[in-house]
Amino acid sequence: MPQRRDFLKGLGGATLALAGDALMPRVARAFGGEHDALAAPPLEVLPGKRPLIRRTYRPPNFETPIHYFNEVFTPNDAFFVRYHLANIPRVDSKLWRLRVEGDAVKNVSEFSLETLRRDFERVEIAAVNQCAGNRRGLFEPRAPGVQWGHGAMGNARWSGVRLGDVLRRVGFKNGALEVAFDGADAPLVAKTPDFIKSLPLWKALDEDTIIAFEMNGEPLPHWNGYPARLVVPGWTATYWVKHLVSIRVGLKPYDGFWMSTAYRVPKGAFLATREFSSQTGEANTPVTELVVNSLLTNVKDHDEFLLHRQIEVKGIAWDGGYGIQKVEVSKDDGRSWTPAELGGDHGRYSWRPWSFRFTPLEKGKHVLLAKATNRNGDTQGSKLILNPAGYHHNLVQRVRFKVV
Ligand SMILES: Nc1nc2c(c(=O)[nH]1)N[C@H]1C(S)=C(S)[C@@H](COP(=O)(O)O)O[C@H]1N2
Ligand SMILES: [Mo]
């Protein structure tokens with residue numbers, strides 16, 4: 001326990017240092033008005049990527065500018081990048097091995113990329129990869145951590161092999177409880193805990209949980225986990241471990257920092273159909289499923305439109321895999337709502353494009369609101385569900401525009 005408190009102190013220090021350095025002035029302004037920092041952030045290039053919104057350098061945290069979300073699948077070279085650790089080796093795919101081990105494994109095994117490709121059925125799935133902390137920069141009061149805008153997410157077609165097929169091949173014992181995943185990246189300083197995430201066995205065996213080598217038909221970009229990463233459709237991106245090198249099937253709950261302390265929310269604050277019970281404590285529980293959400297992608301604050309000229313507003317909506325039932329738009333600050341038109345369905349874990357046409361009939365300032373509802377009837381609220389680390393922001397979005 002004292003160790004854990006030290007980790008927390010260490011992280012707090014790191015967060016403050018980053019904030020003091022690059023983020024603080026812009027973030028401070030963001031809360032003054034309409035999130036200026038999120039609207040006009042610095043764009044910078046990571047090798048192999050298009051210019052993205054830089055939140056921190058070390059570790060690299062870069063978000064995708066919103067206009068890319070007008071496409072159903074986010075281009076690989078515009079896909080956001082999130083790391084907790086600063087030592088990120090470039091992995092040679094020929095030398096890369098995936099080790100499956102742990103006290104609940106029957107036959108400890110190692111796979112090369114070639115054997116994974118050769119010995120297991122290939123599957124592909126469209127899914128949203130969204131950081132649980134996406135939109136943290138919009139939290140009021142401020143929540144500590146990377147001050148993300150709307151772009152710590154992306155939608156892609158992921159292709160690889162089912163994790164469950166691999167686990168069944170190596171065999172696991174009765175009583176297997178969790179499966180823990182480690183990537184090739186490492187902390188720079190010894191006191192930072194290695195990034196290891198754990199799934200309940202039932203989620204690891206879900207036929208949609210995969211070890212992916214490809215994204216949108218191309219090998220994974222280095223910054224998104226080359227040569228292989230975990231893809232956990234419907235769950236927040238924290239579980240989507242990149243540069244995957246070790247899988248441990250365990251008889252006990254994995255108690256590393258990134259499970260027991262980080263990425264947790266107050267118990268009962270958010271809906272999830274099935275609890276991660278082996279990691280649930282008295283007060284809090286790990287983030288798991290994505291909450292229902294939507295985003296306007298072709299309109300932003302301060303845009304101007306012409307009177308009597310039809311506008312086509314576009315956006316996307318997604319959830320934890322139940323499917324989007326409807327998206328509604330309001331032009332009168334939430335007094336009345338009109339259904340938007342849903343676009344193509346790329347599967348229940350993908351986001352769903354939508355559009356809404358209208359013709360402004362009055363000059364002046366206007367507000368546009370968008371709200372998604374999934375097939376469970378879960379919807380977006382107008383009151384933020386506060387939680388200490390600023391996860392799961394899914395407030396109804398408000399965009400202010402002007403008709404001239
Ligand atoms: N190896 C490794 N995998 C990781 C992380 C990490 O720090 N190291 N961060 C996780 C978190 S919190 C997020 S949000 C996603 C981001 O995926 P991306 O960088 O491909 O966009 O990666 C996850 N996988
Ligand atoms: Mo994340």
Extension gain from ARG142 to ALA269, taking 0.36 nm per residue of separation minus the Cα-Cα distance: 43.9 nm
Relative contact order of region 2-286, pairs being alpha-carbon contacts under 8 Å that are 6 or more residues apart, as %: 19 percent
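Share of antiparallel DSSP beta bridges in the chain, in percent to the nearest 5?
Numbers: 75 of 81 bridges.
Around 95 percent of the beta bridges assigned by DSSP in the chain are antiparallel ones.
Let me check against my output: what whole-number percent is the relative contact order of region 165-268, with C-alpha pairs under 8 Å and at least 6 apart? Spell out each step's value before the answer.
On the way: 155 pairs, mean separation 36.2, N = 104.
Normalised by residue count, the contact order of region 165-268 is 35 percent.
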Mean separation of Cα contacts under 8 Å (6+ apart) over length of region 34-160, as relative contact order %: 25 percent
Packing-based ranking, highest mean first, of 104-115, 239-250, 299-310 given that Cβ atoms within 10 Å are counted: 239-250, 104-115, 299-310
Cut-off under 5 Å, modelled amide H: who pairs with ASP303 long-range: LYS402
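Can you sort VAL403, VAL287 from fewest to most other Cβ atoms within 10 Å of each residue's own Cβ? Mind showing how you got there, number by number?
Values: VAL403 17, VAL287 27.
The fewest-first ordering by Cβ neighbours comes to VAL403, VAL287.
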Beta bridges by DSSP in region 293-403, antiparallel share as percent, to the nearest 5: 90 percent
Size of electric dipole in the chain: Cβ of Lys, Arg +1 and of Asp, Glu -1, about Cα centre, debye, nearest 20: 480 debye
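Quickly rank 191-198, 75-82 as a protection proxy: mean count of other C-beta atoms within 10 Å, highest first. Walk me through the numbers on the way to the answer.
Details: 191-198: 18.9, 75-82: 21.9.
Descending packing order for the listed peptides: 75-82, 191-198.
So how do 144-153, 90-99 stack up, highest first, on mean other-Cβ count within 10 Å? Don't skip to the answer; put the middle values down first.
Working: 144-153: 24.0, 90-99: 13.5.
Final packing ranking: 144-153, 90-99.
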Estimated distance in nm for a label pair at LYS191 and GLU124, the labels positioned 7 Å out from Cα along Cα-to-Cβ: 4.8 nm
Amide H contacts under 5 Å for ARG264, placed H, 5+ residues apart: VAL287
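My understanding is that a pair violates if its Cα-Cα distance is over 26 Å; which of LYS94/LYS191; LYS242/LYS267; LYS203/LYS267; LYS267/LYS331; LYS326/LYS363 do that in this structure? If you can, show how the numbers build up before the last one.
Numbers: LYS94/LYS191 31 Å; LYS242/LYS267 28 Å; LYS203/LYS267 19 Å; LYS267/LYS331 35 Å; LYS326/LYS363 29 Å.
Cα-Cα > 26 Å for LYS94/LYS191; LYS242/LYS267; LYS267/LYS331; LYS326/LYS363; rest within.
Using the C-alpha atoms of region 2-286, what convex hull volume per residue, in cubic angstrom, is computed? Intermediate results must be reported in sequence, preceding the final value.
Numbers: hull volume 39.1 nm³, N = 285.
Taking the convex hull of the Cα positions in region 2-286, it is 137 Å³ per residue.
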Simple spin-label estimate for GLU110 and SER355 in nanometres, 7 Å along Cα-Cβ: 5.3 nm
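Can you give me the span-like helices of the chain, meaning DSSP H runs with 20 Å or more of Cα extent along the axis and Kyte-Doolittle mean at or above 1.0?
Working: long enough: 2-18 (24 Å, -0.11).
Qualifying helices: none.
Here, each number is a calculation from the coordinates, and none is a lab measurement. Given the structure is predicted, the values throughout are model-derived calculations rather than measurements. So basically every Cβ, Gly included, is an ideal-geometry build from the backbone, and we count neighbours across all protein chains shown.
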